[in-house]
1. Once both labels are modelled 7 Å past Cα along the beta-carbon direction, what's the GLU35-ALA14 spacing in nm?
2. Test of understanding: what is the full-extension gain from ALA120 to VAL21, defined as 0.36 nm times their sequence separation minus their Cα-Cα distance?
3. Ranking request for peptides 24-37, 103-116: highest mean number of other beta-carbon atoms within 10 Å first, then the rest in descending order.
4. Need the full-extension length gain, LEU54 to ARG103, defined as separation in residues times 0.36 nm minus the C-alpha distance. One decimal, nm.
Amino acid sequence: MHIDEWINSVPPGAVYGLLAVIIGIESLGIPVPGELALVAAGMLAAKGTVNPVLLAVCASGGAIIGDSIGYLIGRKGGKPLFDKLGRKFPRHFGPDHLATAERSFHRWGMWAVFVGRFIALLRIFAGPLAGALRMPYWKFLIANVLGGVAWAGGTTVAVYYVGKAVEQYLQGFSYVALGIAAVGGVVTGVVIKKRAAKLHAAHPAAAPERPQAEQVTAGE
């Protein structure tokens, strides 16, 4: 079962805690599909199943707490921790991934934590790598809180409003109009196909004429 199907299958009251846990697990450095969980939960909020504000708060809290735990793990384990993870999980923590994340941190500093929220690769590295590189915690915390609220909370709210807009549009779109659109699409496709066939029949020798002319010239 995919994570979005899993979220849709749990009781509404458990969605808040489940989303916070998923986002927290991803933020502390374990690669799970956090973005997909946010989208699935946001769509549930658009349907009225859960509260979008409480959902955004739980998602943001999970992101901030998870990243903070990841920071402590990275600070304690240091760079040898990434070497071990790279050997066990080369697909997610390989030398190339680590090098890319390190370059981002050296170039952007604390902004790498904030921007990393919106990039899948940096999202799982941000907390542990900030701790391993000994970034001052107050800098990390500021970027962590701002990034967590902007990404987790912002994504949830955005998906909620998009879902509401789409739902209203579909409710006002009658089955008659849908049928007309489908028939129109089929008719348009048939007309285009017939016109293409007529053009091809009107100029059947257009393509081979040039090679024949070249053969006559060669014979002369």
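1. Those two pseudo-labels are separated by 2.8 nm.
2. That pair, ALA120 and VAL21, stretches by 33.9 nm at full extension.
3. Sorting 24-37, 103-116 by mean packing, highest first, produces 24-37, 103-116.
4. Result for the pair: 14.0 nm of gain on full extension.
The numbers here are math on the coordinates, done by the rules we state, and not lab data. Predicted, not measured: the structure shown is a model, and the values here were computed from it. Cβ: placed from backbone, ideal geometry, glycine included. Neighbour counts: every protein chain shown.
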